[in-house]
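To keep things clear, I will list the structure first and then write my remarks on it.
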Amino acid sequence: MDPKVKLELERLRADDPLGRSEDPFADFREVLLLGLEHRFRYRHSLGKSSRFFLALEEGVLLATRCERCGRVWLPPRPVCPNDLQVTRWTELSGKGTLESWTLCPRAPHYARTGEPYLLAYVALEGVSTLFLHQLRGVGPDALQHGMELHAVFGNEPVDHPLERFWFEPLEL
Amino acid sequence: MDDVVVLGCGLSPFRSSRFDGSIRDWVAEAVLAALADSGLEHQQIDQSLMAYESDHLAGQIGQGVIWHDTLGLTPRPTARIEGCGATGGLALRSAFAYLRAGLSRCLLVVGAERVGKSVSTATAGEIFAMSSDTDWELPVGGHFTAYYALLMREHMRRYGTTEEQLALVSVKNHGNARYHPLAQKPKELTVDEVLASPLIASPYKLLDCSLLSDGAAAVILANRSWAQANVPRFSERPVVALTGSGCATDYARAGDRPRDALAHFTAKRLAGEAAYAMAGISEPLEEIDVAEVYDSYTGAELMAYEALGFCPPGTSGPLSEEGVFSLQGELPVNPSGGLLGFGAAAGATGVAQAVEITAQLRGEADPRRQVAGAKRGLSDCHAGTCTVAAVHIFERKDI
Ligand SMILES: [Zn+2]
């Protein structure tokens, strides 16, 4: 190690990964490893989806409805991909049914959730698409396809506005 | 029309870490091997296409131009091709278009990615998760194993597909990798070992998931008339032609797709149908001899069998148990070991599939994984949860 090079991690001697008797790269088997880090911070706009996130403050779920084809999109789309019509916001009941789910024993470090956690596709009442979110207040053994769920809003401070709510079974 | 033919193929070893070289070193290894295989000089190449997914994984923007100049190809034209997991397949398709359009007569496709231990597994997972929707899927703790799991659980519910049937794909592909000297994880596994590996997102365990690899792959393609005039002894070698290319897309978030399509890769079905139409294939199981499909997860391979018309929807699990897709089966799939056993280096993957299919059709694969008498092969890769699919057909077309 050269203490004068702060980014140096390690130096080592590599073998030919192909194990050839005559290594064509024999002159190039000394290796120096550095520790590099990049940090980026974004001033990220949620754009025309922002109203969905703002409505969560009132405990309300919104989706976008296309007046022409009647499709209701969530995540919201200001332009309906079916016919490129500009959509309108519509309020949801927050109730839905369980379409598919998966149990994850370990959470990715960016997830800010307890472990284990359940992820689910929820078919929300009045919505044409499936919505991905966490299921809480229930274990995997009690889950059934088609069971009734509802959105539950928390009071704890969160990082991302999507974490303001999750889904739980309507009755257990 | 002039055939598009494969003149040379090369691979770097796929490994969990290649600290002995940088990504441009692996690119050079793969391209030197492809040039040696083709008998061409690098000056005979008139265009390159560089396939890689992530600037984040590489810690370098504009890699394609760097690789191009590393290979001594300036001042010839180059372009970067990107489509997440479909990157390599899209590069093949672009190469086909360049050659057919007369923009190039002899073209180099390079795919490479640094997905190994340069970053932690957690960081690699986060970077890949950034290819899902960062406003809607990432913030709820979404990650790719979970997205694929949500689709597979629907397949299991609807068709009765079992975790044992998933595990068999892992056993097969890790086993096939034993016969590829450049494979990352050759291993003789049992179904019980796969089932006992740590759960990631039910039904998927660690051994149901593809690898994280450092790797590079290169293919040299040309118009047949150019090859006949410029490649020494062209007519004396087996000739492999690219005879079909299909590509299709689907909604990026699987939840936005039609609800009854959750257990199916619709884009892959459409891409396959387009490639089959071009190549004149009507009965894929009978007319294709060998296939490399995108086994990002064991269940994704089963869903690929169905999407590509190897079997009807819902029957991939039982057919897998019968060994239809094993090396000795009716249609061997992933003889290289696939993403599970050979390795998964995003941008390199689709190109490495073409390398394997070419070796198989030439009859040059290791005899232990060579599909006897293979004359027609398929390669298939996709992005996300099959958001972009690219399917290619290769055929032995000697003079
Ligand atoms: Zn509409």
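Only the coordinates and a few stated rules stand behind these numbers; no lab work does. Remember, predicted model here, so these are calculated numbers, not experimental data. In this analysis, Cβ positions are derived from the backbone assuming ideal geometry, glycine residues included, and neighbour counts consider all displayed protein chains.
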Going by the alpha-carbon gyration tensor, a ≥ b ≥ c the square roots of its eigenvalues, is chain B rounded (a/c under 1.5) or, if a/c is not under 1.5, prolate (a/b greater than b/c) versus oblate?
-> prolate
Which aspartates and glutamates have a Cα less than 15 Å from the Cα of A:Lys95, not counting those fewer than 8 places away in the same chain?
-> A:Glu125, A:Glu148, A:Glu168, A:Glu171
Report, in degrees rounded to the nearest 10, the 0 to 90 angle that the Cα long axis of helix B:23-38 makes with the longest principal axis of chain B.
-> 60 degrees
If N is the residue count of region B:112-244, its Cα Rg over 2.2 N^0.38 Å rounds to 1.44
Restricting to Cα pairs under 8 Å and 6 or more apart, the percent relative contact order of chain B works out to 26 percent
Could you point to the residue in A:Pro161, A:Ala107, A:Pro78 farthest towards the positive end of region A:47-169's charge dipole, with +1 and -1 charges on the Cβ of Lys/Arg and Asp/Glu respectively?
-> A:Pro78
Between the alpha-carbon centers of region A:66-82 and region A:109-172, tell me the distance in whole angstrom.
-> 23 Å
For region A:47-169, what is the charge dipole size about the Cα centre, in debye to the nearest 20, if Lys and Arg each add +1 at the Cβ and Asp and Glu each add -1 at the Cβ?
-> 460 debye
Check: the protein assembly as shown dipole with +1 on Lys, Arg Cβ and -1 on Asp, Glu Cβ, in debye | 1040 debye
With the Cα gyration tensor of the protein assembly as shown giving a ≥ b ≥ c as the square roots of its eigenvalues, does the rule (a/c under 1.5 for rounded; else a/b larger than b/c for prolate; else oblate) give rounded, prolate or oblate?
-> prolate
Note the angle between two axes, namely the Cα long axis of helix B:144-159 and the longest principal axis of the Cα atoms of chain B, as a number of degrees from 0 to 90, rounded to the nearest 10.
-> 60 degrees
Among B:Ile200, B:Cys9, B:Phe310, pick out the residue whose Cα is farthest towards the positive end of the charge dipole of chain B, where Lys and Arg carry +1 and Asp and Glu carry -1 on C-beta, about the Cα centre.
-> B:Cys9
A student asked for the Cα radius of gyration and Dmax of region A:47-169 in angstrom ought to give 14.9, 43
Relative to chain B, whose Cα atoms define the longest principal axis, helix B:87-101 and its Cα axis are tilted in degrees, nearest 10, by 40 degrees
